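Some notes on the structure that comes next.
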Amino acid sequence: MGETLLEVRGLSKRYDGFRALKKVDLSLQTGHVKGIMGPNGAGKSTLLRLLAGELEVTSGSVVFAGRAVRELSVDRTSNLGISYMPQRPSVFPALTVEENVRGAAQTSLILNRTEDEPSVKTLLDLVGLGKRARVRAVELPFGEKRLLDLAMALATKPRLLLADEPTAGVDRGSAETILGLLRDLSSPDSRGDFGLEGLIFTEHDREVLFEFPDEIGFLHAGELIVEDVPEQVKRHELVRNYLADQRNFEDFKGDGGKDA
Amino acid sequence: MQTEASWNLGKLLTVLVVVLTGFGVLPLFLGRFQVVLVTEALILGVYALSFDLIFGYAGMLSFGQSIFFGVGAYTILYSFKGGLGLAVSLLLAVFVAGIFGLLVGSAIVRIKGAKFFLVTLVGSILFYLLALDNRWLTGGSDGMVVPTVFPGLVENYYLVLGVSLTTILFALILVKSPLGLVLKMIRDNERRAGLLGYSLKKYKVMTFTIGGGIAGLAGGLYAYTSGFVSAGFFHWTRSADAVVWTILGGAGTVVGPFVGAALLTVVRDTLSAVMGNIYPVVVGALLVLAVVVFPRGVFGLLERAVGNWKGGSGG
C-alpha cells in the first residue's frame, strides 16, 4: 500500500482550439478507487481516453507503475495493463458472447501475463452471462452488452481499469451486478483471478458515486476543481451546486415520467 | 440463428465425403472443355478465397488483389525459365506474392474507409500500367508463353483440386484459430480490438501477406495451366472479379468464394456462347440480389438448406 499506481501531471487536451482538458493533476494509489464526476462535456471521457492512450495528449505527463505511457499507442497501453471500458457499448456484434470474451482474453494469454489460460467461462459466470455464451452479441439487450463490455475489459487482466459510465442507461439488475463486481474486484481482500490494483470510473449517479470510491474528483469545464475523499468533495461549493442541480433535474424528470 | 454451431462433426464428415467423391470422379463424366472449365473455376476459387480473408474476415475492402495474382503468375514464368520444378515454383509464387502483400499492406494499412478502397484500386491500375509498359519483363499485352510440358488436362485438374483442398484446409484452420478470431474482431469493431491490446497495423499487414501469398498461388496455377501470362493478369477488373465472386458466394465463409467463382465462371462461359455481351448485366443483377436477398451469399443459403435437411437438433 501507499505506492503510486498512476501519476498524472498537467494533462491537457485541445481539439481544434477547444480546450477539453486543462492541466489536470491526478494520482491514484495502488489499491484505491477513484470516482470522477462532473456535468456533461466536463471532460470525463476525454480524461479516461487520454489515460487509455486512445487520444493523443496535447501536453502533460502520464506515469503508470513508474513508466511514462503518454506516447504509447492504445494497444501498447492496454498491453501494459490499463484497460478502458468505453462509454457506450462496444462489442463485436457478429461474434458470440463467448467469442467476444475469448478474443479479449487471448491478449493476456499472448502477453503471457498469466500462467494459465484465463477462464472464459469463469468470466462469463462472473458477469452472469454464462447462459448467453452462444448468443451473438448484437442480440443482447443494452444492460447485457454492458456486462459483456465489462467482462472483456477484465479479460485482459488489467492492473488498472478505467470504466466510463459503466451503469449509465443500464437496467437495475445489470447495474447492481456491474457495481458489485467493481467493488469486489477493487477491494484488496476479495480479489481473486481478476482483481484490480486500481479503478477509476466516471459516473452521473451521485448515489453510486459516493458509495465506494476512496477519492472523488470533480471535473468542470475541463478543470479538476477538487479531488479529495468523498466527505470533503461533498462540501465544496461547486459540487454542492452541481448536485443540487442534478437533484432538481431528476425531480423534474420524475414528474415528467408520472405525467406520461 | 446459430448456423455455425449446428455444423456438428458427423454432418461435416458427410459433406466432406460427398464433396471429395464428387470432385474425385468428376472428370469421368466431363468432356475436355468442361474439365478445363472446372479447373479454372477451382483456381479462381482459390483466388477469391485470398480476397475473402482480407475482406470477409479482416474487413478490408481491397481492390488490389490482382497485383498479387499477377506477381504469382510472373513468378511461375521466371521460375520455369530458370529451370525450377512445379512444386518449388508454386511455393516461390506464394512467397514472392506474399512479400508484395507485406509491402503493399504496410504502405496502406493506416488508410481507412472509402479512401482505402480507392487507393487499392489505383494501386491495381498502376501495377497493370507498369506491366503493360515494361514489355521486356512481361511481354506487355501480348504476354509470354510459360515454358512447361503439360502432363495432361485431367492430371492438371487433380493437381489443382489438391492445391485447392489444401488451401481450403489451411484457411479453415486459420479462421478457427486465435489469429482468425482477432481478424474477425478487427472486422467487427476496430476500435475495441485496439483497446483490448491488438495492434491493428500488425494484424492487417499479416492478413495482407497471407492473402497476397494465396492470390500468388492462384496466379501461378492459372499461368501454369493456361501456359500463358500477360499484363492482363494485373488488370483491375480481375480485382473486381474477386470482390464480386466473394460477395455473391458468401463473404466471411471459406467455401463461399469457391461457390461464387464457380457459379460465375460457368455463367460467363454459357452466356458468352449464347448471347454475347449480356454477362455484365447478369452479374450486376445477381450481385444486387445477393446483397439484398441473401447477404450471406449463395453459400449461406446452401448452409441453411443443409442445416435444415440434416439438423433439426441444431437450432
* Any chance you could look up the accessible area of A:Ile225 with a 1.4 Å probe, heavy atoms only, rounded to 10 Å²? => 60
* What is the local net charge at B:Ser106, summed over the other residues whose Cβ is closer than 12 Å to its Cβ (Lys, Arg +1; Asp, Glu -1)? -> +4
* Structure fact -> Once phi for every residue in the range A:67-77 is put through the Karplus expression 6.51 cos²θ - 1.76 cosθ + 1.60 (θ = phi - 60°), the whole-Hz ³J(HN,Hα) values, with Gly and Pro written as x, are 10, 6, 10, 3, 8, 6, 6, 4, 6, 5, 4
* Gyration tensor over alpha-carbon atoms, chain A, equivalent ellipsoid semi-axes in Å -> 28, 24, 17
* Above-threshold pairs, the threshold being 18 Å between Cα atoms, out of A:Lys44/A:Lys157; A:Lys121/A:Lys157; A:Lys44/A:Lys145; A:Lys131/B:Lys184 -> A:Lys44/A:Lys157; A:Lys44/A:Lys145; A:Lys131/B:Lys184
* To do: Output the relative contact order of the range B:35-173, whole-number percent, from Cα pairs under 8 angstrom with separation of 6+ residues.
  => 36
* Asked: Any idea how far apart A:Arg14 and A:Glu176 come out in nm if each label point goes 7 Å out from Cα toward Cβ?
  -> 4.9
* To do: Mind listing, in residue-number order, the residues in the range B:175-224 that have at least 40 Å² less accessible area with every protein chain present than in their own chain alone (1.4 Å probe)?
  => B:Leu181, B:Met185, B:Asp188, B:Asn189, B:Arg191, B:Arg192, B:Leu195, B:Leu196, B:Gly197, B:Tyr198
* List the residues whose amide H sits under 5 Å from the amide H of A:Val24, counting only those 5 or more places along or on another chain, with H placed 1.01 Å from N in the peptide plane. => A:Gly10, A:Leu11, A:Ser12
* At 7 Å along the Cα-to-beta-carbon direction for both B:Leu289 and B:Leu61, put a label point, then send me their distance in nm to one decimal. => 2.2
* **Residue with peak Gaussian network fluctuation, chain A [Cα springs, cutoff 10 Å], from A:Gly198, A:Gly38, A:Gly180** => A:Gly180
* Keeping the other protein chains in place, figure out the carbon and sulfur percent of the accessible area of the range B:30-235, with a 1.4 Å probe. => 73
* Percent carbon-and-sulfur accessible area, chain A, ignoring ligands, DNA and RNA, probe 1.4 Å -> 46
* To do: Provide a list, ordered by number, of residues in the range A:50-82 showing at least 50 Å² less accessible area with every protein chain present than when their chain is taken on its own, using a 1.4 Å probe.
  => A:Asp75
* To do: Among the aspartates and glutamates, select those whose C-alpha is under 17 Å from the C-alpha of A:Lys13, and discard any that sit fewer than 8 residues away in the same chain.
  => A:Asp25, A:Glu54, A:Glu56, A:Glu71, A:Glu223
* Structure fact -> Within 10 Å of the Cβ of an average residue in A:85-98, the count of other chain Cβ atoms is 3
* Solvent-accessible area per residue for the range A:1-106 at a 1.4 Å probe radius, Å²? -> 40
* **Summed side-chain charge close to A:Ser12 - residues other than A:Ser12 whose Cβ falls under 13 Å, Lys, Arg +1, Asp, Glu -1** => +4
* Tell me, what is the FRET efficiency for A:Thr4 and B:Arg268 to the nearest 0.05, using R0 = 51 angstrom and their Cβ-Cβ distance as r? -> 0.15
* To do: Please work out the FRET efficiency for the pair A:Val138 and B:Lys81, using the Cβ-Cβ distance as r and a Förster radius of 41 Å; give the result to the nearest 0.05.
  => 0.20
* Cα-projected label distance for B:Ser106 with B:Ile173, points at 7 Å along beta-carbon direction, nm -> 2.7
* Structure fact -> Per residue, accessible area of chain B with a 1.4 Å probe, heavy atoms of protein chains only, in Å², comes to 45
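Report, to one decimal in Å, the Kirkwood hydrodynamic radius for the range A:132-205 based on all distinct Cα pairs. Can you show the working numbers first?
Working: mean 1/r = 0.0779 Å⁻¹.
One over the average 1/r among Cα pairs gives 12.8 Å for the range A:132-205.
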* Please report, in debye to the nearest 20, how large the charge dipole of chain B is about its Cα centre when each Lys and Arg carries +1 at its beta carbon and each Asp and Glu carries -1 there. => 880
* Asked: Using a 1.4 Å probe on protein heavy atoms only, how many Å² of accessible area do A and B hide from each other, summed over both chains and rounded to 100?
  -> 2100
* For chain A, what is the relative contact order in percent, using Cα pairs closer than 8 Å and at least 6 residues apart in sequence? -> 24
* To do: Could you calculate the contour length gain from B:Val15 to B:Val154, that is, 0.36 nm times the residue separation minus the distance between their Cα atoms, to one decimal place in nm?
  => 47.7 nm
* Structure fact -> Residues other than A:Phe92 with Cβ under 12 Å of its Cβ, Lys/Arg counted +1 and Asp/Glu -1, net out at +2
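The values are calculated or read from the model by the stated rules, or taken from the named source; none is laboratory data. Note that the structure is predicted; figures quoted are calculated from it, not measured. All Cβ positions, glycine included, derive from the backbone under ideal geometry; neighbour counts span all protein chains shown. For the accessible areas, the whole protein counts, side chains as well, though only heavy atoms, and no ligand, DNA or RNA atoms are used. Shrake-Rupley method; radii C 1.70, N 1.55, O 1.52, S 1.80 Å.
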